[in-house]
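The values are calculated or read from the model by the stated rules, or taken from the named source; none is laboratory data. In this text, all values refer to a predicted model and were calculated from it rather than measured experimentally. Positions of Cβ are generated from backbone atoms using ideal geometry, with glycine treated the same way; all protein chains shown enter the neighbour counts.
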Amino acid sequence: MHAAPPTLSDAPGTAAIETRNVVKRFGGVAAVDGVSLAVRPGEIVGLIGPNGAGKTTMFDLLAGRHAPTSGEILVAGRPVQHEQAHRRLAAGLGRTFQIPRPFPEMTLTENVMTAAQRHVGEAILPNLFRPGRVAAAERAAAERARALLDFVALGHLADQPARVLSGGQRKLLELARVMMAEPATILLDEPAAGVNRTLLGLIVDRILAVNARGVTFLVIEHDMDMVARLCGRVYVMAAGRLLAEGAPAEVARDRRVVEAYLGGAA
Ligand SMILES: Nc1ncnc2c1ncn2[C@@H]1O[C@H](COP(=O)(O)OP(=O)(O)OP(=O)(O)O)[C@@H](O)[C@H]1O
């Protein structure tokens, strides 16, 4: 379990990710309406809130899928709000999706390999002259992909097509895939959604193991039990704004948070 989570003021320094007064409008709707948050290196921070709160839009802004209408986004202290998604990946930011869509006919190993940051085999000219080097690099990538599959307990299925996987196993494959690019920070979208209880424990355990290796996480999750097991600190969003921030047990008791959830359910 986590000790009392430190607050941001305890440890000044460069945040792994930070947003400053970020706004995203779709026509007349402010899906994100002036959100400032920060995640320190090594933290697992939750991003929770009722349906339509703006959590997914926040991830889309952080990952570079959408540009903010205004405000700043920093990754490891560098403003990235004008950079495209692939540049942010190269800067060390990874993302998983709520509904993972692996290539169904490719093997698990091949699926994980698609996420390698540098595909040596794709640099055509140099490779014409050095085919041996390409083969060696591909072998190394395949080995790394298999090691990651072992790490998420899918090693026995490495050569199977991804279509054989259950929903929970797809979440584990998604974790291996995102780790292939060696991100410093991972945006994790609902790791518990649609996962049976047996695999949930394994997913929590693997996320904590990745975190123990120094990887930072921001996690969207509706399952509060999962949030309590993973996160030292959470931000609560409602109607595009930040409503509260604190330890999971603390915000769960917060009257405004409870009201926002009740309102969302109504
Ligand atoms: N591309 C878009 N065009 C127009 N409106 C959008 C778009 N994306 C999101 N919205 C609106 O922005 C608001 C926030 O949606 P968002 O999906 O970010 O919420 P959420 O907190 O992720 O919800 P959920 O928990 O249901 O996934 C909603 O009112 C949604 O309808």
Considering region 177-187, residues that are touching a Leu at 6+ places or on another chain (Cβ under 7 Å) and under 18 Å from L149 (Cα atoms), and then whichever is nearest to the ligand (Cβ to nearest atom), we arrive at P183
Mind listing just one residue for me: the one in region 194-210 that is of a type in the set (A, V, I, L, M, F, W, C) and surrounded by fewer than 16 Cβ atoms within 10 Å (Cβ to Cβ) and, of those, nearest to the chain's Cα centre (by Cα)?
L208
Can you go through A239, A249, A228, A209 and tell me which one is out of contact with any Ser or Thr (no Cβ under 9 Å at 6 or more places or on another chain) and touching a residue at least 60 places away in the same chain (Cβ under 8 Å)?
A239
Please return the ranges of strands (runs of 3 or more DSSP E) entirely within region 22-137 where 1 or more residues are modelled with pLDDT of 90 or more and surrounded by fewer than 15 Cβ atoms within 10 Å (Cβ to Cβ).
29-39, 70-75
Select from region 211-226 the residues that are in contact with a strand residue (DSSP E or B) (Cβ under 9 Å, 6 or more places away or on another chain) and at pLDDT below 95 and write down the one among them that is surrounded by the fewest Cβ atoms within 10 Å (Cβ to Cβ).
H222
